[in-house]
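Below: one structure, written as structure tokens.
The values are calculated or read from the model by the stated rules, or taken from the named source; none is laboratory data. Since we're looking at a predicted model, the values are computed, not measured. Glycine gets a Cβ as well: all are built from the backbone with ideal geometry, and neighbour counts include every protein chain shown.
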Amino acid sequence: MESLFACPRRNLAMSSTLLGSGLGLLAVGIVGAYFVDARLTLPAIVAAHAFTILGPILLKLGYVLRLIAQHQMRKEGWEACCVAG
């Protein structure tokens, strides 16, 4: 598991993916749960409300991973760990 988060470039790419996915889920959830809910079935409304919870979770995880990547990039020789990994 440690090798998964060893490369700051990979962490930065994963954080961007998490941030984008979280923003997308949150937007779909808000639109589905509050604007077009009259046209959706009950399972779709429940899913939309779940997206309004899961979206911010992914946003927070992506933000924390971005902070970790930026912290790793401040260290000397961080490029070497990306080449080795």
message = For region 1-38, give me the residue count where each residue is in contact with a helix residue (DSSP H, G or I) (Cβ under 7 Å, 6 or more places away or on another chain), of a type in the set (A, V, I, L, M, F, W, C) and closer than 24 Å to Ala69 by Cβ.
response = 10
ask   = Looking only at residues in region 58-77 that are over 12 Å from Leu23 (Cβ atoms) and aliphatic (A, V, I, L, M), which one is modelled with the lowest pLDDT?
value = Met73
ask   = From Ala38, Ala27, Ala13, Ala44, which residue is in a helix (DSSP H, G or I), under 25 Å from Trp78 (Cα atoms) and without any contact (Cβ under 8 Å) to a residue 40 or more places away in the chain?
value = Ala13
request  = For Cys81, work out the one condition from (1) in contact with a Phe, Trp or Tyr (Cβ under 9 Å, 6 or more places away or on another chain); (2) modelled with pLDDT under 95; (3) hydrophobic (A, V, I, L, M, F, W, C) it doesn't fulfil.
outcome  = (1)
key: From Val83, Val28, Val46, Val36, residue being under 17 Å from the mean Cα position of the chain (by Cα) and among the β-branched types (Val, Ile, Thr)   = Val28
task = Can you give me the number of residues within region 47-76 that are without any contact (Cβ under 8 Å) to a residue 40 or more places away in the chain, in contact with a Phe, Trp or Tyr (Cβ under 9 Å, 6 or more places away or on another chain) and among the β-branched types (Val, Ile, Thr)?
result = 1
